[in-house]
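The structure appears right after this line, and notes come after that.
Read-outs: derived from the displayed coordinates by stated rules, not from any lab. Model, not experiment: these values are computed from the prediction. Glycine gets a Cβ as well: all are built from the backbone with ideal geometry, and neighbour counts include every protein chain shown.
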Amino acid sequence: MKARIHVTLKSGVLDPQGKAIESALGHLGFAGVENVRQGKVIELELTGRSREQAEADLQSMCERLLANTVIENYTIDLT
Amino acid sequence: MKSVVIVFPASNCDRDVAVALQKVTGGQPVMVWHGDAQLPECDLIVLPGGFSYGDYLRTGAMAAHSPIMREVKTHAERGVPVLGICNGFQVLTESGLLPGALMTNANLKFVCRSVSLRVENTDTLYTHKYPVGASVVIPVAHHGGNYFADEDALDRLEGEGQVVFRYEDNPNGSARDIAGIINSNGRVMGLMPHPERVIEPELGGTDGIPLFQGIMERLA
């Protein structure tokens with residue numbers, strides 16, 4: 001099974017890198033670009049477990065390491 | 001006083017803090033590699049500055065799960081004081097020993113200079129040698145010192161006297177100008193500035209000395 005995890009900053013948490021990207025896009029001439037937010041994508045493959053177990057493990061991985069839930073949200077796509 | 005300095009891959013202030021501890025307290029700290037599973041008997045654990053694991057994923061995130069951190073947590077739960085400086089502070093928040101998180105500086109710049117700090121709480125194990133209301137000058141050198149916690153958590157920290165150091169001129173966007181905090185039982189402290197770099201007049205200052213003297217007085 002392949003999993004893709006998206007980690008994004010919670011709304012309301014300042015994202016200075018997103019702001020810098022937004023500004024750079026403006027410099028490139030892309031007008032009307034707002035609210036750029038930068039995040040992370042983590043891909044991984046899971047073997048030797050049921051889908052149910054995979055979902056439970058992924059959630060645990062996100063809570064314990066992949067995301068810092070003080071400042072970040074995460075979503076899990078399992079295929 | 002027996003102190004331990006944890007060495008992570010890419011710690012770079014481990015020797016500085018060992019020198020500071022040795023110079024001020026007279027005892028030679030034991031350097032413990034992050035991959036070790038056991039800590040020697042000790043009165044103080046220091047997590048030093050640096051860029052552990054190249055700041056991969058998030059600053060301090062990997063180091064927070066190093067084998068030795070299980071032992072550090074167990075010791076902290078038993079009341080052994082833990083001091084985290086710069087990257088050490090980031091490791092403490094990532095490991096849950098201190099609340100909140102340290103994010104990329106709001107201006108995206110690596111800030112490396114001396115800053116003025118107010119010692120907000122001079123009634124801690126670490127700060128009792130500073131006079132009440134003291135203003136000290138201690139250098140910072142970081143890219144991720146922008147302290148964040150939700151408003152309720154910040155109010156709790158303020159209300160309980162857990163904000164120990166505050167920037168007088170905020171260099172990184174840190175919430176409520178917070179430079180250093182202590183946990184609820186007053187044993188675990190994290191701060192972004194580097195007190196170990198100001199223990200010699202020849203190197204620019206001595207405002208770090210009272211911190212190490214204070215620890216020694218209480219723990220010796």
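Counting other beta carbons within 10 Å of each residue's own, what order do B:Phe89, B:Phe148, A:Phe30 fall into, fewest first? Kindly include the intermediate steps, with their values, before the conclusion.
On the way: B:Phe89 30, B:Phe148 22, A:Phe30 10.
With the fewest neighbours first, B:Phe89, B:Phe148, A:Phe30 line up as A:Phe30, B:Phe148, B:Phe89.
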Using +1 at the C-beta of Lys and Arg and -1 at the C-beta of Asp and Glu, which of B:Ser11, B:Thr25, B:Pro48 has the Cα lying farthest in the positive direction of the dipole of region B:2-52? B:Thr25
What's the FRET efficiency of B:Trp33 with A:Ala31 using the Cβ-Cβ distance as r and R₀ = 51 Å, to the nearest 0.05? 0.45
So for region B:3-219, using the alpha carbon gyration tensor with a ≥ b ≥ c as root eigenvalues (a/c under 1.5 gives rounded; past that, a/b versus b/c decides prolate or oblate), I'd call it rounded
Inside 10 Å of the C-beta atoms of B:98-109, what's the mean count of C-beta atoms belonging to other chains? 3
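What is the average number of partner chain Cβ atoms found within 10 Å of a Cβ in A:61-72? Mind dumping the intermediate values first?
Numbers: counts 0, 0, 0, 3, 7, 3, 3, 11, 1, 12, 8, 3.
Rounded to a whole number, the mean comes out at 4.
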Between B:Lys23 and B:Arg156, with labels modelled 7 Å along Cα→Cβ, what's the label distance in nm to one decimal, could you check? 3.8 nm
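For region B:3-219, what relative contact order do you get, as a whole percent, if you take Cα pairs closer than 8 Å and at least 6 residues apart? Before the final figure, lay out the partial values.
On the way: 504 pairs, mean separation 43.8, N = 217.
Once divided by the residue count of region B:3-219, the mean separation gives 20 percent.
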Remind me, relative contact order of chain A in percent, using alpha carbon pairs under 8 angstrom and six or more residues apart? 52 percent
Residues whose built amide H sits under 5 Å from the amide H of B:Gly84, excluding neighbours closer than 5 in sequence, are B:Leu47, B:Met189, B:Gly190, B:Leu191
Would you list, by chain and number, the aspartates and glutamates whose Cα falls below 15 Å from the Cα of A:Lys19, excluding same-chain residues fewer than 8 positions away? A:Glu34
Under the rule of at least 5 residues apart or a separate chain, name every residue whose amide H is placed under 5 Å from the amide H of B:Asp150. none
As a quick test, which of the pairs A:Lys2/A:Lys40; A:Lys40/B:Lys109; B:Lys23/B:Lys73 have an alpha carbon distance above 19 angstrom in this structure? A:Lys40/B:Lys109; B:Lys23/B:Lys73
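What ranking do B:Glu158, B:Glu202, B:Glu151 get, fewest neighbouring Cβ atoms within 10 angstrom at the top? Spell out each step's value before the answer.
Working: B:Glu158 13, B:Glu202 6, B:Glu151 9.
Exposure proxy ranking, most exposed first: B:Glu202, B:Glu151, B:Glu158.
How would the protein assembly as shown be classified by its alpha-carbon gyration tensor: rounded, prolate or oblate, with rounded meaning a/c under 1.5 and the a/b versus b/c comparison settling the rest? Could you put the intermediate results ahead of the total?
Details: a/c = 2.05, a/b = 1.38, b/c = 1.48.
Verdict is oblate for the protein assembly as shown.
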R0 = 35 Å: FRET efficiency of B:Val137 with B:Arg218, Cβ-based, nearest 0.05? 0.90
³J(HN,Hα) across region A:39-46 via Karplus (A = 6.51, B = -1.76, C = 1.60, θ = phi - 60°), whole Hz, x for Gly/Pro? x, 10, 10, 10, 10, 7, 10, 10
Region B:182-220 versus region B:89-156: alpha-carbon centroid distance in Å: 13 Å
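Need one word for region B:1-93: rounded, prolate or oblate. Basis is the Cα gyration tensor (sqrt eigenvalues a ≥ b ≥ c); a/c below 1.5 gives rounded, then a/b vs b/c decides. Each step should come with its number before you reach the end.
Details: a/c = 1.85, a/b = 1.29, b/c = 1.44.
In terms of gyration-tensor shape, oblate.
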Treat every Asp and Glu Cβ in chain B as -1 and every Lys and Arg Cβ as +1, leave all other atoms uncharged, and give the resulting dipole magnitude about the Cα centre to the nearest 20 debye. 320 debye
